[in-house]
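S.K.: Pasting in a structure now, in structure tokens, and then I'll have a few things to ask.
Since every read-out is calculated from the coordinates, none of them should be taken as a lab result. Just so it is clear, the structure is predicted and the values come from calculations on it, not from any experiment. Every residue, glycine among them, receives a Cβ derived from its backbone with ideal geometry; neighbour counts consider all protein chains shown.
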Amino acid sequence: MTIFPAIDLRQGRCVRLRQGRLDAEILYSDDPVAVARRWASEGAEWLHVVSLDGAFELTSPNVRVAAQITATAGIPVQFGGGVRALADIEQALELGMARAILGTVALRQPQVVAQAIEQFGDERIVVSIDSREGRVAVRGWQENSQISALALAHSVRAQGVRRIVYTDIARDGMLTGVNVEATRQLAEESGLRVVASGGVGSLEDIRALLGIEPYGVEGVIIGQALYTGAISLRDALTLARRAQTCRPSP
């Protein structure tokens, strides 16, 4: 299982939001590039970088900052937040990001997803499915749709998507535990590879996700728990690697 330290950018700073609310921001660093270097030095193999301003359709220097992170961290970056057009994807990939994450556009303009897969390949395109009470939320989680997370997962798989990030919004930034059952169900019923997000608060959450890895849960994004010290990145990586070593060969 891949452990993704999260770096959420707002106006070029590293912050966290509780449940995606702009009025619940916690500032962790004015130097996100230094934060990225720290996670890389502690053994991270990937970074999950999101432009919160992009998600809320606000202008910011976040794309430039994400490019600096990519250039200096020395590990792959998956980048999302405001990526809504082929030009946005092309820019992110040309700036060195390994993967572009599509959110709102997957629901509003599904043809863009299909075109992105055709143009850039299914290993470089990820769809983010953010769920509130089972329904997909868009535009920085400000708008709720009537589409279920599973229905959207089936739709994007039909367009060629192979990997999604799944977030339970109610748990995001709350350190209350991952919605393991919903994550397992989504992975099993959609047939997609799933990166879990939202609510990771202890190593027990990592252990629980490792238990459903056979269903297609291939990674977990950890944000606030790393910044508060509730989880040590080194410990999380060690736990994931030991599980991989102990897993019997097929």
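S.K.: Among DSSP bridges having both ends in the chain, what percentage is antiparallel? Round to the nearest 5.
M.R.: 30 percent
S.K.: If you rank His48, His154 by fewest surrounding Cβ atoms within 10 Å, what's the result?
M.R.: His154, His48
S.K.: Among (i) 23, 22, 18; (ii) 44, 20, 16; (iii) 26, 23, 16, which is the computed semi-axes √(5λ) of the Cα gyration tensor in Å?
M.R.: (i)
S.K.: Once fully extended, how much extra length lies between Gln91 and Asp30, figured as 0.36 nm per residue of separation less the alpha-carbon to alpha-carbon distance?
M.R.: Between Gln91 and Asp30, full extension yields an extra 19.5 nm.
S.K.: Rounded to the nearest 500 deg cm²/dmol, what is the calculated helix-only ellipticity per residue at 222 nm for the chain, with -39500 (n - 2.57) per DSSP H run of length n ≥ 4?
M.R.: Value at 222 nm, helices only, nearest 500: -11500 deg cm²/dmol.
S.K.: For Ser29, list long-range residues whose amide hydrogen, built 1.01 Å from N in the peptide plane, is under 5 Å from its own amide hydrogen.
M.R.: Cys14
S.K.: Follow-up question, since we're still on this one. Quick query: amide H of Val165 versus all other amide H atoms, modeled in the peptide plane; which residues come in under 5 Å with a sequence gap of 5 or more or a different chain?
M.R.: The answer is Val127, Ser128, Ile129, Val195.
S.K.: What number, in percent, do you get for the relative contact order of the chain if the mean sequence gap of Cα pairs under 8 Å and at least 6 apart is divided by its residue count?
M.R.: Here the relative contact order equals 18 percent.
S.K.: Let me ask another. Across the stretch 230-244, in residue order, what do the Karplus-derived ³J(HN,Hα) couplings come to in whole Hz, using 6.51 cos²θ - 1.76 cosθ + 1.60 with θ = phi - 60° and x for Gly and Pro?
M.R.: Once θ is set to phi - 60°, the couplings for the stretch 230-244 become 4, 10, 8, 4, 4, 5, 5, 5, 4, 4, 5, 5, 5, 5, 5 Hz.
S.K.: How do Val65, Val49 rank when sorted from fewest to most other Cβ atoms within 10 Å of their own Cβ?
M.R.: Taking fewest neighbouring Cβ atoms as first place, the list is Val65, Val49.
S.K.: Explain nothing, just compute: Karplus ³J(HN,Hα) = 6.51 cos²θ - 1.76 cosθ + 1.60, θ = phi - 60°, for every residue of the stretch 158-163 in order, whole Hz, x for Gly and Pro.
M.R.: Result, ordered by residue: 5, 8, x, 5, 10, 9 Hz.
S.K.: While we're looking at this one, here's another question. Can you give the FRET efficiency for Arg37 and Thr238, using 1/(1 + (r/R0)^6), R0 = 22 Å, r = Cβ-Cβ distance, to the nearest 0.05?
M.R.: 0.60
S.K.: Pulled fully out, how much extra length does the chain show between Ser202 and Ser148, if you take 0.36 nm times their separation in residues and subtract their Cα-Cα distance?
M.R.: So the chain would gain 16.6 nm between Ser202 and Ser148.
S.K.: Here's a follow-up. Can you compute 3J(HN,Hα) from phi for each residue in the stretch 195-212, using the Karplus curve 6.51 cos²θ - 1.76 cosθ + 1.60 with θ = phi - 60°, rounded to whole Hz and x for Gly and Pro?
M.R.: 9, 7, 8, x, x, 4, x, 7, 5, 4, 5, 5, 4, 5, 5, 4, x, 10
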